[in-house]
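Each remark here refers to the structure printed beneath this line.
The values are calculated or read from the model by the stated rules, or taken from the named source; none is laboratory data. Note that the structure is a prediction, hence the values are computed from the model and not measured. In this analysis, Cβ positions are derived from the backbone assuming ideal geometry, glycine residues included, and neighbour counts consider all displayed protein chains. Quick note on the areas: whole protein, heavy atoms, side chains included, nothing else; ligands and nucleic acids left out. Shrake-Rupley method; radii C 1.70, N 1.55, O 1.52, S 1.80 Å.
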Amino acid sequence: MGSFKTSLGGVLGVAIVAGVLLYAGSAAAKDCPKGDLPVSATVQGEMTTVGFIVGVRWGQGTLTLNDGSEHKFTAQGAKLLETGAAKVQFKGKVYNLQKLEDFAGDYGSVSGGLTVIKGLTGGAVLTNDKCVYINVEGESEGIRLSAPAPGGVLVKLEDW
């Protein structure tokens, strides 16, 4: 019975974290500019995702500004309607980044994808409360089913 309580506590903890990240992400894109935005930087990195109905993800990457400077970051988050486990190699472009410190924060997205052993995950557009957009695509390895649903990621700059 003790392991059931521990498992239930872990599931509730993940659900609470997912709710907070999803709420933060949904509030992020309120009055952000749309249309032709300048490419400010590129990102690349790796994420691990594990889940059953609610997926959790964590990883790290590198932000490369247009001036060539590189900045390491970590990311962790949650996504509804995600089941399975996979490693995702991602890369993408960052738009509307005015200051380096604006890159860090809570990002919200709606994305989906299917991974069976190896394949393209599809893309996702993430936005934070400072109107920074990240458009990413990735290759994944593992078994994962991810339906279009809200998700959130907390990004922290390591060298900031």
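Of the strands (runs of 3 or more DSSP E) lying entirely inside the range 30-82, those carrying at least 1 residues that are under 15 Å from D102 (Cβ atoms) and more than 18 Å from the chain's Cα centre (by Cα) are 39-52, 54-65. In the range 65-94, the residues that are within 16 Å of A41 (Cα to Cα) reach residues that are open to solvent by 100 Å² or more (accessible area, probe 1.4 Å) and modelled with pLDDT under 95 with C-beta atoms within less than 9 angstrom, at least six apart or across chains, in these pairs: H71/E158; H71/W160; K72/E158; F73/E158; F73/W160; F90/E137; K91/E137; G92/E137.
Would you say K91 is at negative phi and either at pLDDT 85 or above or open to solvent by less than 20 Å² (accessible area, probe 1.4 Å) (or both)? Yes, satisfied.
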